[in-house]
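Have a look at the structure below, then the notes.
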């Protein structure tokens, strides 16, 4: 049997599924992974799930509650090491209306707008941790086949290193629809195999 590791970019997948379903829907990583393999020839060895918990006071109460509910539901997976949770951290940026916009306003409006600022949480490190884990596991021979669930082009160098330097098989899995597409990532990765995450899979794997 071919040993498969699954690497899931949680926020990227959440964005695609939420675009499709018009609401935030987290997917159960174990149920999803089992649907991404060919069970007659492959078995899931380890699932790596990258997502950073929201800061409570910087996201909407509903989004915070739903994410907490999701992590609660997969807690047993994490305890049993079926899922390895990779966390980044949130950087809090102070944002202002761009200067080129402010500069076009009338003076009386400009004075008001240029003093407006707001806090924006930006997640950092989760995707880097996932990419490093993928490359590390390939070089130590931890899998025969890796399935990477994302459309983020930043993963292209890691995928190419694994495919070209270790000769391990890599597939990209994603919700391929009109809202988002993994094609730009796939085009930068030397035509890797593609596994489409279908609406039926999403309905079967919804955790929240």
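In nanometres, what is the gap between the two model label sites at residue 1 and residue 104, each 7 Å from Cα along Cα-to-Cβ?
Result for the modelled spin labels: 5.9 nm.
Using Cα atoms only, what is the angle between the long axis of helix 61-73 and the major principal axis of the chain, expressed in degrees (0 to 90) to the nearest 10?
20
So how do 123, 34 line up by other beta-carbon neighbours within 10 Å, fewest first?
34, 123
Can you put 161, 140, 147 in order of Cβ neighbours within 10 angstrom, beginning with the fewest?
Fewest-to-most ranking of 161, 140, 147: 140, 161, 147.
Please work out the Cα center distance from the stretch 43-67 to the stretch 125-185, rounded to the nearest Å.
20
Antiparallel DSSP bridges in the stretch 46-172: what percent, to the nearest 5?
Once the DSSP bridges in the stretch 46-172 are tallied, antiparallel ones form about 50 percent.
Give me 118, 26 sorted ascending by neighbouring Cβ count inside 10 Å, so fewest comes first.
118, 26
Measure nothing but the geometry: give the 0 to 90° angle between the long axis through the Cα atoms of 10-21 and the longest principal axis through the Cα atoms of the chain, rounded to 10°.
Between the helix axis and the principal axis of the chain, the angle is about 80 degrees.
Testing the spin-label approximation: label points 7 Å from Cα along Cα→Cβ at residue 119 and residue 166. State their distance in nm.
3.9
Taking only Cα atoms and a 10 Å spring cutoff, compute GNM fluctuations for the chain and point out the largest among 131, 193, 146.
Checking each option, the largest mean-square fluctuation is seen for 193.
Over the stretch 54-184, consider all pairs of different Cα atoms and compute the Kirkwood hydrodynamic radius from their mean reciprocal separation; express it in Å, one decimal.
18.5
The numbers here are math on the coordinates, done by the rules we state, and not lab data. Bear in mind the structure is a predicted one, so any value in this text is a computation, not a measurement. Neighbour counts are summed over all protein chains in view; Cβ atoms, including those assigned to glycine, are modelled from backbone coordinates with ideal geometry.
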